[in-house]
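Visitor: My questions will all concern the structure given below.
Just so it is clear, none of the values below were taken in a lab; they were calculated from the coordinates. Only a predicted model underlies this, so the values are computations on that prediction, with no experimental measurement involved. Neighbour counts run over all protein chains shown; Cβ positions are idealised from the backbone, glycine included.
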């Protein structure tokens, strides 16, 4: 789309002065016609920035992670999903709508950030059905890159972008795609649960959740990769987090929702079709990192029959992931909040390869967080420093796969 130029229609007047003699009927003119004079008056198009309104889509913004367009709104649900675009101009703002959680408990409202030329300039909660956020303002036109990211996770809330309002020259453009693409599938660790809260006794709040400070986004940044996160706190392969190991939480299983856009309780009032099928051609990853098992461990509790169930269902989930992503290298990672099930992850991948013959997979052991040395976040979750260490490890491993130097790849 181009900026909406307000161009006044050119005023065009022509005066032709012709002097001719008068003769009798049927006579011949005795004076020749004078040459014509033409006068043209125009109003030039404006040379400075002009106002434009844009609906964000792939023609004018880079779509980050899983997004969903329904009606006149681009919905963001998944952690660290968003948009990014560039323009040359003097101002920009964004019109945002909230879902049902915008009117509920503050601990469940969607949190998002705005970045201008790489610097975080806004960090807000979506606490209203409609809100306009000013992004950028300057007296003189500048080259600007804007990124809008959802910091909190999908399960509690989502928000939508209605319009981008930009005073610019030549329109807005998506930022370039990167050569490397990585999908991360996980739980609260991937979401950045509680990373902005350094009191381990505190509990969940979207206000203290920031996926950009967690290992997944940090890994992508270290590798200069585009990313997509599919992550839900409390979820697992055979059970979500449970306080009773005799009662698995089967309503919180990632394999059940992996193939849909998102899962969000904030959309329960039909703000959009939350379970719309995800189009896997929209983001084709080179690598997929699955970090699931921490919540399952609250149910498994070392019982072999439960481990066997976890191994079996994990191997089946890998078949789904492969169907949807035929060329990606799939990595099973575990360990940051405990590694009790890591050997079961290895066995699940071995079982998958035995069943399918697919060897484009591997496993990676993440170091368990050192709470004494690196701190702790809400509900005993990793601190940003622990996430940084995990990102260094994982980025190094993926880099070794890319260069063919890894001895751990299956």
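Visitor: Just one of (1) touching a strand residue (DSSP E or B) at 6+ places or on another chain (Cβ under 9 Å); (2) crowded, with 23+ Cβ neighbours inside 10 Å; (3) within 17 Å of residue 267 (Cα to Cα) trips up residue 172, so point out which.
Guide: (3)
Visitor: Would a scan of region 304-321 turn up a residue that is surrounded by fewer than 19 Cβ atoms within 10 Å (Cβ to Cβ), under 29 Å from the mean Cα position of the chain (by Cα) and over 30 Å from residue 246 (Cβ atoms)?
Guide: Looking for residues that are surrounded by fewer than 19 Cβ atoms within 10 Å (Cβ to Cβ), under 29 Å from the mean Cα position of the chain (by Cα) and over 30 Å from residue 246 (Cβ atoms), one finds none in region 304-321, hence no.
Visitor: Additional query: Give region 363-381 a look and list any residue that's within 17 Å of residue 184 (Cα to Cα) and crowded, with 21+ Cβ neighbours inside 10 Å, or say none.
Guide: 363, 364, 366
Visitor: Regarding region 213-222, can at least one residue be identified that is closer than 24 Å to residue 388 by Cβ and touching a strand residue (DSSP E or B) at 6+ places or on another chain (Cβ under 6 Å)?
Guide: For region 213-222, residues closer than 24 Å to residue 388 by Cβ and touching a strand residue (DSSP E or B) at 6+ places or on another chain (Cβ under 6 Å): present.
Visitor: From (1) in contact (Cβ under 8 Å) with a residue 40 or more places away in the chain; (2) more than 21 Å from residue 222 (Cβ to Cβ); (3) buried (at least 24 other Cβ atoms within 10 Å of the Cβ), pick out the condition that doesn't hold for residue 136.
Guide: The number of the failed condition is (3).
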